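Working notes, beginning with the structure itself.
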Amino acid sequence: MLDAVVIGGGAAGLSAAYWLQRRGPTFVVLEAERESQGAWPAYYDSLTLFTPARHSALPGLAFPGLPPRYPSRDEVAAYLRAYAAYFAFPVERGAQVVSVERGKATFTVTAQDGRNWTARTVVCASGTFRHPKVPELPGQSSFGGRLLHSSEYRHAQPFAGQRVVVVGAGNSGAQIAAELSQVARVTLASLRPPRFFPQRLLGLDLTDWLALSGLERWPLGRLGRVPDVQPVIAVPGLRLAFTRGNPDVRPMFRAFISGGLEWADGRREQVDSVIFATGYAWNGGYLPKAALDIMGEPRQRLGISTALPGLYFVGLPGQRTVASSTLRAAGPDARFVVGELAKTLGRPG
């Protein structure tokens, strides 16, 4: 019998483990992969953090290197692996959770390979980057070209000389489109045009200003969610790429046709590849149905389940602040949740 099971060994789960370890409850971290590094290795090769290293550390261990620099994808993955090893957390790897069942006073968590764990509480920290969302659009089955989600994109070279359309005006879509424009003819298609926001203002990073102002720590209260339309952080060279006309920006196309697309104005065009940078679905389908709303989202407030006592969440967008679900917010959000969990266990210290 454990006090807590943490599902997910990425930044959110490791932050929860840190605060659990400091408070003393017995716990285990269940990680689906062979390493505790979250979804970072699955992102495209050129990805770097929007936030400098000084704002990217988890609690208790500084991010290595110069504080003002922007760490790469591989550096973040390496940091998470080092973090888990440094604190020697009890991590069970290769533990893909398939169900969580609620008993009278305990939870039973079962992995795909048949292993199971019983605990008084469960922290769901499996993230929002495991299930790519790909829309079904008119004529999609007749397209004949290459269709992929941004999670499958690694670098631009396989698309050299092609006509490519990237769908989605978020940070990933804009960055992938700009990178592809070096070797291909690219359009960024979306329901709304991208809104660029400078990464640095008056010599300071955007997150420096958020930290200094306190806005990043401002609780969202009952809003429970950040707006769906987010600004695109104008990392170096991004805005310039779009001012050159490749990539260009267009309203979302009307339908797929054989070998191409039909645009909103009725024009038809041959297209080689379409990349959907359309985000991810929340990764918590293993939870009891009672824990989820009709949209499959967790019934929670501030990371505390409003449906099942003893169930908690870390890493949800808009969970407590505008920064929730980012690397820099994992520690503060986990600290709050573990504090509430400790009250459930009768250990408020």
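The values are calculated or read from the model by the stated rules, or taken from the named source; none is laboratory data. Everything quoted here is computed from the prediction, not taken from an experiment. Every residue, glycine as well, gets a Cβ built from its backbone with ideal geometry; the counts of neighbours run over all protein chains shown. The area values use the complete protein model at the heavy-atom level, side chains included, leaving out ligands, DNA and RNA. Shrake-Rupley method; radii C 1.70, N 1.55, O 1.52, S 1.80 Å.
Determine if the range 18-28 includes at least one residue that is in a strand (DSSP E or B), over 13 Å from Ala334 (Cβ atoms) and of a type outside the set (Ser, Thr, Tyr).
Initially, the range 18-28 is screened for residues in a strand (DSSP E or B), giving 27-28.
Checking the rest, the ones that are also over 13 Å from Ala334 (Cβ atoms) come to 28.
Still in the list and also of a type outside the set (Ser, Thr, Tyr): 28.
Yes, the range 18-28 has at least one match.
Looking only at the range 172-195, decide whether some residue is under 21 Å from Pro68 (Cβ atoms), surrounded by 13 or more Cβ atoms within 10 Å (Cβ to Cβ), at pLDDT 85 or above and not aliphatic (A, V, I, L, M). Reasoning before the result, please.
First pass over the range 172-195, keeping only residues under 21 Å from Pro68 (Cβ atoms): 175.
Those still in the list that are surrounded by 13 or more Cβ atoms within 10 Å (Cβ to Cβ) too: 175.
Those still in the list that are at pLDDT 85 or above too: 175.
Adding the requirement that they be not aliphatic (A, V, I, L, M) leaves 175.
Scanning the range 172-195 turns up at least one residue that is under 21 Å from Pro68 (Cβ atoms), surrounded by 13 or more Cβ atoms within 10 Å (Cβ to Cβ), at pLDDT 85 or above and not aliphatic (A, V, I, L, M).
Conditions (1) touching a Leu at 6+ places or on another chain (Cβ under 8 Å); (2) touching a residue at least 60 places away in the same chain (Cβ under 8 Å); (3) of a type in the set (Asp, Glu); (4) at negative phi, marked per residue:
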| residue | (1), (2), (3), (4) |
| --- | --- |
| Asp248 | yes, yes, yes, yes |
| Gly259 | no, yes, no, no |
| Tyr280 | no, yes, no, yes |
| Ala323 | yes, yes, no, yes |
| Gly339 | no, yes, no, yes |
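For the range 101-112, what are the residues that are modelled with pLDDT of 95 or more and of a type in the set (D, E, K, R)?
Across the range 101-112, the qualifying residue is only Glu101.
Which residues, taken from the range 248-276, are touching a strand residue (DSSP E or B) at 6+ places or on another chain (Cβ under 6 Å), assigned to a loop (DSSP other than H, G, I, E, B) and either open to solvent by less than 70 Å² (accessible area, probe 1.4 Å) or of a type in the set (Gly, Ala, Ser) (or both)?
Met252, Phe253, Gly259, Ala264, Val271
Would it be correct to say that Val98 is buried (at least 19 other Cβ atoms within 10 Å of the Cβ), of a type outside the set (Gly, Ala, Ser) and assigned to a strand (DSSP E or B)? Spell out the reasoning first.
On the way: buried (at least 19 other Cβ atoms within 10 Å of the Cβ): no; of a type outside the set (Gly, Ala, Ser): yes; assigned to a strand (DSSP E or B): yes.
When the stated conditions are applied, Val98 does not pass them.
Quick one: would you say Val338 is out of contact with any strand residue (DSSP E or B) (no Cβ under 7 Å at 6 or more places or on another chain) and at pLDDT 95 or above? Walk me through how you get there before you give the answer.
Details: out of contact with any strand residue (DSSP E or B) (no Cβ under 7 Å at 6 or more places or on another chain): yes; at pLDDT 95 or above: yes.
Criteria met by Val338.
Filtering the range 106-136 down to residues that are in contact (Cβ under 8 Å) with a residue 60 or more places away in the chain, open to solvent by 60 Å² or more (accessible area, probe 1.4 Å) and not in a strand (DSSP E or B), which residue is farthest from Val338 (Cα to Cα)?
So the residue we want is Val134.
From the residues in the range 233-245 that are in a loop (DSSP other than H, G, I, E, B) and open to solvent by less than 40 Å² (accessible area, probe 1.4 Å), which one is farthest from Leu191 (Cα to Cα)?
Just the residues of the range 233-245 that are in a loop (DSSP other than H, G, I, E, B), to begin with: 235-237, 244-245.
Okay, now just the ones that are also open to solvent by less than 40 Å² (accessible area, probe 1.4 Å), so 235, 245.
On the way: Val235: 22, Gly245: 19 Å.
Within the range 233-245, the match that is farthest from Leu191 (Cα to Cα) is Val235.
Restricting to the range 1-31, count the residues that are within 25 Å of the chain's Cα centre (by Cα), more than 24 Å from Glu75 (Cα to Cα) and small (Gly, Ala, Ser).
1
Find the residue count for the range 158-204, including only residues that are in contact (Cβ under 8 Å) with a residue 24 or more places away in the chain, aliphatic (A, V, I, L, M) and outside any strand (DSSP E or B).
Here is the first cut: in the range 158-204, the residues in contact (Cβ under 8 Å) with a residue 24 or more places away in the chain are 159-160, 162-199.
With the extra rule that they be aliphatic (A, V, I, L, M), the set shrinks to 160, 164-167, 169, 174, 176-178, 180, 183-184, 186, 188-189, 191.
Still in the list and also outside any strand (DSSP E or B): 160, 169, 174, 176-178, 180, 183-184, 191.
Summing the residues that are in contact (Cβ under 8 Å) with a residue 24 or more places away in the chain, aliphatic (A, V, I, L, M) and outside any strand (DSSP E or B) in the range 158-204 gives 10.
Test of understanding: among Ala323, Ala264, Ala281, which residue is farther than 21 Å from Ala4 by Cα and in contact with a His (Cβ under 6 Å, 6 or more places away or on another chain)?
Ala281
For the range 31-88, what are the residues that are among the hydroxyl-bearing types (Ser, Thr, Tyr), open to solvent by 20 Å² or more (accessible area, probe 1.4 Å) and more than 25 Å from Ala174 (Cβ to Cβ)? Spell out the reasoning first.
Initially, the range 31-88 is screened for residues among the hydroxyl-bearing types (Ser, Thr, Tyr), giving 36, 43-44, 46, 48, 51, 56, 70, 72, 79, 83, 86.
Still in the list and also open to solvent by 20 Å² or more (accessible area, probe 1.4 Å): 43, 46, 48, 70, 72, 86.
Once the filter is applied, which keeps residues that are among the hydroxyl-bearing types (Ser, Thr, Tyr), open to solvent by 20 Å² or more (accessible area, probe 1.4 Å) and more than 25 Å from Ala174 (Cβ to Cβ), the range 31-88 yields only Tyr86.
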